[in-house]
Amino acid sequence: MGLRSTYASLLAMASAAAAQNCPLAFDGRVPAGSTPAFFDTDASPFSTGYVKGANVNFSQLVELPTVPPSLFDAADNSLAVEVTIDDKSIFTPTPDNVQVGFRRAELQIDSNNGTDASTTGIKTLHFSVRKDPARPLNTSHEYQLVFLEDASYSTNQFVLKTGTIDGQPAGQNPDLLVLVANVNVKPIVNLFNTTFTENVWHNFGLTLDFTANTTTVLYSTDSTPLSLVNGPVANDVSGQGQFHFGVLKKPTGSNLTDVTKQGFQPAGIDEGVVYGAIFMEDSTGGCVSLGPDGSKNTTSTPPATYQPNVGTPATTYRPSATTPPTNNDNNGDDDPEC
């Protein structure tokens, strides 16, 4: 039975079964009633210190836009958050490491310190992304929107990219969302891509098996439940590290030897990307949420879930510690992997 037909059968079984709540590893959903000032406080699920320009608070970088709720925001009335960059978005992790080649601002889960449990076992990372037509990206540049930087700052173990992306085919549409595997692997392995359609939520669920070194990709748009699109695929996620959610804009230019400090960035920018329902489930027992059922549940993710069959062949969605492998942004980050 093919991947899609097998998955469809399992999904039908899951829909008919009793709802299962998946335990949370972390929850970055923004509570209803929040303001940008929330992101400067200890109440925020995100770090207040990283990643942003010097002498700037996150309340100056985030917006809470009026948009339809993303797939997993609706049930809890949690809010979308937009991360923006401008000319001041120059990250300075140390006085002698001023990243003038980048413009970047990224949210990081406060509990995700680089060696915590969110990068062990089997976890499913959920997030949604959406364009802001009022703050368009410049697709002549490459952008990183979501990534897992390893604890040694030597690679990104998966990256969601858009724009003119190094290592992609010449002439590729720059208006794509491209999910790539560990960037230290050459040639680059694409896990999934789709057109970055405007006025649409793009929902992702990434099941990361940190023991077997595999990645499974689920995707949907707007309020449609997640569906399997790829995996499990061998991908080295063994380096632990930290998850980044935001806008990292790379420079343009030829023969650059250090993209963190070289290349061209235009002046007068005002760009942003909208994020919804950032959270992570512990999928050790096979629990992966595909979509909410409309109920409010503040202690775990909304029910509609997929319970894998442990006897299912590896071409179907079966997080398993026995699947064969194919390797504190707080923050000395030189981003050599970029």
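Would you be able to say whether some residue in the stretch 181-200 is at positive phi, modelled with pLDDT of 95 or more and in contact with a Pro (Cβ under 6 Å, 6 or more places away or on another chain)?
Scanning the stretch 181-200 turns up no residue that is at positive phi, modelled with pLDDT of 95 or more and in contact with a Pro (Cβ under 6 Å, 6 or more places away or on another chain).
Would you please name the residue that is nearest to L208 (Cα to Cα), looking only at residues in the stretch 255-276 that are of a type in the set (D, E) and surrounded by fewer than 20 Cβ atoms within 10 Å (Cβ to Cβ)?
Going through the qualifying residues, I end up with D258.
Please work out which one of (1) modelled with pLDDT under 95; (2) under 19 Å from K52 (Cβ atoms); (3) of a type in the set (A, V, I, L, M, F, W, C) is the condition A74 fails and give its number.
All conditions are met except number (2).
Within the stretch 19-48, work out how many residues are at pLDDT below 95 and over 27 Å from T124 (Cβ atoms).
So the answer is 0.
(1) closer than 27 Å to G114 by Cα; (2) under 19 Å from the mean Cα position of the chain (by Cα); (3) of a type in the set (A, V, I, L, M, F, W, C): which one isn't true of V259, the others all being true?
Condition (2) is where V259 drops out.
Keeping to the stretch 218-237, report how many residues are assigned to a loop (DSSP other than H, G, I, E, B), farther than 28 Å from A80 by Cβ and not charged (D, E, K, R).
Adding up the residues that qualify gives 1.
Hey, could you check the stretch 47-100 for residues that are aromatic (F, W, Y) and outside any loop (DSSP other than H, G, I, E, B) and say which is nearest to A267 (Cα to Cα)?
Going through the qualifying residues, I end up with F91.
Counting only residues that are surrounded by fewer than 22 Cβ atoms within 10 Å (Cβ to Cβ) and at pLDDT 95 or above, which one in the stretch 169-180 is nearest to C22 (Cα to Cα)?
L177
Among the residues of the stretch 41-67 satisfying the criterion of being of a type in the set (D, E, K, R) and within 21 Å of the chain's Cα centre (by Cα), which is surrounded by the fewest Cβ atoms within 10 Å (Cβ to Cβ)?
Looking at the filtered set, the residue picked out is E63.
Output the number of the condition that S70 fails; it satisfies all remaining conditions of (1) over 18 Å from E198 (Cβ atoms); (2) surrounded by 15 or more Cβ atoms within 10 Å (Cβ to Cβ).
Only one criterion is unmet by S70, namely (1).
Restricted to the stretch 186-228, and to residues that are surrounded by fewer than 23 Cβ atoms within 10 Å (Cβ to Cβ) and small (G, A, S), which residue is nearest to the chain's Cα centre (by Cα)?
Filtering first and then ranking leaves S220.
Taking the condition part of a loop (DSSP other than H, G, I, E, B) and buried (at least 20 other Cβ atoms within 10 Å of the Cβ), does Y143 pass?
No; evaluated as a whole, the condition is false for this residue.
For every residue, the table says whether it meets (1) in contact with a Gly (Cβ under 7 Å, 6 or more places away or on another chain); (2) in a loop (DSSP other than H, G, I, E, B); (3) at pLDDT 95 or above; (4) surrounded by 21 or more Cβ atoms within 10 Å (Cβ to Cβ).
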| site | (1), (2), (3), (4) |
| --- | --- |
| I278 | yes, no, yes, yes |
| E281 | no, no, yes, yes |
| G285 | no, yes, no, no |
| G294 | no, yes, no, no |
| T298 | no, yes, no, no |
| T301 | no, yes, no, yes |
| N309 | no, yes, no, no |
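For the stretch 32-46, name all the residues that are under 19 Å from A277 (Cβ atoms), hydrophobic (A, V, I, L, M, F, W, C) and not in a loop (DSSP other than H, G, I, E, B).
Passing the criteria: F38, F39, F46.
Table: residues versus (1) in contact with a Lys or Arg (Cβ under 6 Å, 6 or more places away or on another chain); (2) in a strand (DSSP E or B).
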position	(1), (2)
L179	no, yes
L191	no, yes
E198	yes, no
L206	no, yes
T216	no, yes
G239	no, no
H244	no, yes
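The values are calculated or read from the model by the stated rules, or taken from the named source; none is laboratory data. Every value quoted in this text rests on a predicted model; they were computed, and no experiment measured them. Please note: Cβ atoms are built from the backbone with ideal geometry, for glycine as well, and neighbour counts cover all protein chains shown.
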